[in-house]
Amino acid sequence: MAEVIVKTDQVVKEYRMGNNVVKALNGVNLEIYQGEYLSLMGPSGSGKSTLFNMIGALDRPTKGSVFIDGQNTSGLTTSQIAWLRCHKIGYIFQSYNLLHVMTALENVTLPMIFAGLSVKERNKKGEELLELVGLDDRIYHLPDELSGGQRQRVAVARALANDPNIVLADEPTANLDMIIGREIITLIKRLNQEKNVTVISATHDLKMLDVSDRIVDIRDGVVERIRNRDEIELEVGEVTGH
Amino acid sequence: MANQNRGTIGQQIELPFSESVRISYQSLMLRFGRSIITTAGITLGIAFLVFVVISNEISTSIVGGSASEQLMDLGEEQETGISTKDKWLIIMSLIVCVVGITNSMLMSVTERFREIGTMKCLGALDHFVVILFLLESGFQGFAGALVGALIGFVASLLMSLANFGLDIFMDFPLLSVLLWILGGSVLGMLLAVFGAAFPAWRAAKLPPAEAMRTEV
């Protein structure tokens, strides 16, 4: 069995809505292995985005713990959390979240600035990453001058900026059409295999099933079931018409 | 490559100040249209303040200076220096200035919560985000206030010329006018930084997930 890279232990997350307390997560236990492609699936409101935020150290759990690479994130200082986000985890968002005043290259190199790389190092690495995602002719374009698919490619390149162990993708294809969405998925899968990066993706895009090693179904704030790739292959054929 | 530093968590490094200055300057220039609108609020506030104060200085110096004898008939209400009405006008203009600038900065930071959340995802430290916004608002505040102070000065000069004619140059309060222009610019900068500080600090403290979720 491969090494565990992320582990959640009885994670509970509550939100306050006026006088009501809403339990978005209600005791999630999950182990994610180094190098796997894992999809978190579930309808909206199921808590998958909340879980995504917990795994990515983007929010703190109300109860329970999240371990990233063996470290309990609740015991870390803000500086260590920042380091973790910078070096260990790459993020891809539904709405790309590129800084629109920065060119593609500057967006990709921003995490490298935070990691302390020199101008020369980061420009070289940024260009390599943009070439990797097939945007070597667009490096000086602003996000507004790029199509949705191209923006998401920039975001993928940015997620890989500091050679993370984990790439977190929150609905990466939700704003893209069928064909472009598939291209992005193929790209992420390729990087998953070539670089042995763990990919954790929150999605309800059925195209994602194709490439996932495991699928975790989230419902009402708990893990409903975990399926392996071989258990789902048949279903996929029917759903996507291949 | 991906597995370096396994199992250890480092401390995030501090960025050199020059890097922050570069990023904030670039952000201002590329957001020029939006910056102008924010800055216009500052410019107007300071222009009004400087206009009121300098007009007062000029008329006071005429009344109190060598030209006063010829203007005795004009000077009834100005003979005690700054009149109560003018004092209120200055206080009012200060209030307009403070509220206007704070509001502009509040809006311009709040609409960028998502950006702040994104930066934190990429490894930005809380105080880096705060410094970035303070620098931006400082540049913006100073530039806007300087323009405002000059506009206010020119306007007060024109008005005084219309009221008193060329006599204003006989005993022109050059030093205090210059001081007010500089003071107004610095005041504008301080107010802009002050207005930006609170929302920037609040956004930087939020967990990134929450900052990105925040709707303006």
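The values are calculated or read from the model by the stated rules, or taken from the named source; none is laboratory data. Computed from a predicted model, the values in this text were never measured in an experiment. Note that we place each Cβ from the backbone using ideal geometry, even for glycine, and neighbour counts take in every protein chain shown. Protein only, heavy atoms only, side chains kept; ligands, DNA and RNA dropped before computing areas. Shrake-Rupley method; radii C 1.70, N 1.55, O 1.52, S 1.80 Å.
Per this entry, A:Ile139 is counted among residues that are open to solvent by 10 Å² or more (accessible area, probe 1.4 Å) and hydrophobic (A, V, I, L, M, F, W, C). For region B:155-171, the set of residues classified as farther than 11 Å from B:Ile54 by Cα and in contact with a helix residue (DSSP H, G or I) (Cβ under 7 Å, 6 or more places away or on another chain) consists of B:Leu161, B:Phe164, B:Asp167, B:Ile168, B:Met170, B:Asp171, listed by residue number. When each of B:Leu132, B:Leu106, B:Leu122 is tested for being more than 14 Å from chain A (Cβ to nearest Cβ) and not basic (Lys, Arg), the lone residue that passes is B:Leu106. The residue that is modelled with the lowest pLDDT, among those in region B:33-43 that are of a type outside the set (Ser, Thr, Tyr) and surrounded by 19 or more Cβ atoms within 10 Å (Cβ to Cβ), is B:Gly41. If you check A:Leu105, A:Leu117, A:Leu99 for being more than 7 Å from every other protein chain (Cβ to nearest Cβ) and in a loop (DSSP other than H, G, I, E, B), only one passes: A:Leu117. Return the only residue of A:Ala24, A:Ala82 being within 13 Å of chain B (Cβ to nearest Cβ), more than 26 Å from B:Thr8 (Cα to Cα) and surrounded by 15 or more Cβ atoms within 10 Å (Cβ to Cβ). On inspection, the qualifying residue turns out to be A:Ala24.
Scanning region A:205-213 turns up no residue that is closer than 14 Å to A:Ser39 by Cβ, assigned to a strand (DSSP E or B) and at pLDDT 90 or above.
The one condition from (1) under 14 Å from A:Ala159 (Cβ atoms); (2) open to solvent by less than 10 Å² (accessible area, probe 1.4 Å); (3) in contact with a helix residue (DSSP H, G or I) (Cβ under 6 Å, 6 or more places away or on another chain) that A:Val66 does not meet is (1).
Here A:Val216 clears all of (1) open to solvent by less than 10 Å² (accessible area, probe 1.4 Å); (2) among the aliphatic types (A, V, I, L, M); (3) part of a loop (DSSP other than H, G, I, E, B) except the condition numbered (3). The criterion of at least 1 residues that are more than 15 Å from the chain's Cα centre (by Cα) and polar (S, T, N, Q) is met, among strands (runs of 3 or more DSSP E) falling completely within region A:1-71, by A:4-17, A:20-33, A:63-68.
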